[in-house]
Structure formats: C-alpha cells, structure tokens
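Data block below; observations after.
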Amino acid sequence: PPGVTAPRVAARCLFGVRGGACAMTSGALMKTRPLFLLAFLFTLARAAFGAPFERDGIALEVPQEFQGPIVQPLAAEARSFAFSRRHSAGAKATLLQVSTYDFGARMPAFAPEQSGAVAENYLRDFLRGVERRRQSFSASPATRLTLGGIPAARIAWQGLAEGERMRGVMYGVVRGSRVVMLHAQDFDSAPPDYLKQAVQAIETMRFAPGD
C-alpha cells in the first residue's frame, strides 16, 4: 500500500524440483443420533491429520501422510519448515512449506485495514522467487481471504521445471511485525488429492492465542 515500504526478504525453497528438500433405547438413540453423527464426522476429519504443527507462534493441521518438518534457518529473523508426501514411484514429492519472518521494529507500521494489501505485496515478492526457478510460468490474480481470522492473500501458479509441468498455491499473511508465507506445490502427474491435502492444511493455519 502507499506509504508502506516492507523490509526486503528472500524466498527460498527447501526442496529441489523433485521434492528432496490428520444400553440405550431406540427412542433415545434417535434423539442423540444427530449429535453422534456430528461427533463421528468430526473424528473422521481429525483422523486425516497428524499432530498439529506448532512453531514460531503459528499452528496448522498437517496431514498424517506428510513427513517432516525439515527446518532451515533463512536468516536471524526467519525460518522455513517443510513437509513432503512422496509419490508412489521415483523421487518426486508434494511439498508443503511454511516460512516465518519477524522483522520486529524494522517492520513499517500500517493500518489494520491495510493488512490484506500488505500481505499481497509480500506474497508477490515471494512468488517472484518461484517464477525464477520455473519456465513458462503463469499465475492467477491474487485473491483475498482470511487465515486464522487475519486478512491474507492467495495466488495459484503453474509452470515447467526440468521439462515437467508443476502447479502450486502460495498464501501470505501479516500480523504485526510478522510475515508468514505458506506454499504448496506438486507435479501435474501426481494424484490431485496430494496437493489438495496440502492446501487444506494451509487453510487451517492460525496464530497462537495472544501472539
């Protein structure tokens, strides 16, 4: 947004192109069945995820099929956490990556109503790092949403890596002096549910209470 100049940051990917770096009567039963069904469905939904990932003041539900995290310090104020789900054959994998940055006093002040625009600006900066590593790159327009009740932005992309088609979705959210980037990517040849799982995990992101 006008008047908000964000600190410069560098986006990195932990993995290479191939992924290398969730006794009762019948009458009483009828009365309780809706509640039982809701509880059962909730249990099934939770079963699709492993233990919640909680680090650097954020939390999200990572699918149990994803391995990780691999942690990589990016700078004094930044870290990246990566999870991957291997494909059935070869070295390819679906990537789920979370990068956190805390700029402290270096973060310019911005009004609450600017949060979505600030997040989108950061998102575009980070996405340029992905674009440099892809050929025939194209991206969707940015869309606004909320992550954990905080205004955020989302961009989907597609491109070529080593001659193979890939696609991904990147999200950005800013809270106070902290910037969080969340990225899911996969090969077009992968089962579509793999990338869908990673995206669903991203959309469970929330900030820790009081953070």
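Quick one: count up the residues across the range 193-211 that are within 14 Å of GLY57 (Cβ to Cβ) and open to solvent by 30 Å² or more (accessible area, probe 1.4 Å).
5
Of all residues in the range 165-192, count the ones that are among the charged types (D, E, K, R), open to solvent by 40 Å² or more (accessible area, probe 1.4 Å) and at pLDDT below 95.
Of the residues in that region, 1 qualify.
Hey, can you tell me all the residues within the range 69-106 that are of a type in the set (Phe, Trp, Tyr) and outside any strand (DSSP E or B)?
Selection gives PHE103 alone.
Go through the residues of the range 136-146 one by one and say whether even a single one is on the phi > 0 side of the Ramachandran plot, modelled with pLDDT of 95 or more and assigned to a strand (DSSP E or B).
yes
Six or more apart or on different chains, Cβ under 7 Å: which pairs go from a residue in the range 95-122 that's open to solvent by less than 30 Å² (accessible area, probe 1.4 Å) to one that's in a helix (DSSP H, G or I)? Could you list them?
As it stands, the answer is LEU96/ALA198; LEU96/ALA201, since those pairs meet every condition given.
Only one of VAL179, VAL118 is in a helix (DSSP H, G or I) and β-branched (Val, Ile, Thr). Can you tell me which?
VAL118
Here is a list: ALA184, ALA198, ALA156. Which entry is touching a helix residue (DSSP H, G or I) at 6+ places or on another chain (Cβ under 7 Å) and either closer than 19 Å to ARG85 by Cβ or assigned to a strand (DSSP E or B) (or both)?
One residue alone meets the criteria, ALA184.
Identify all residues within the range 123-153 that are open to solvent by 80 Å² or more (accessible area, probe 1.4 Å) and within 15 Å of MET181 (Cβ to Cβ); write none if there are none.
Residues satisfying the conditions are ARG124, ARG128, GLU131.
The values are calculated or read from the model by the stated rules, or taken from the named source; none is laboratory data. Model, not experiment: these values are computed from the prediction. So basically every Cβ, Gly included, is an ideal-geometry build from the backbone, and we count neighbours across all protein chains shown. Areas reflect the complete protein model, heavy atoms only, side chains present, ligands, DNA and RNA absent. Shrake-Rupley method; radii C 1.70, N 1.55, O 1.52, S 1.80 Å.
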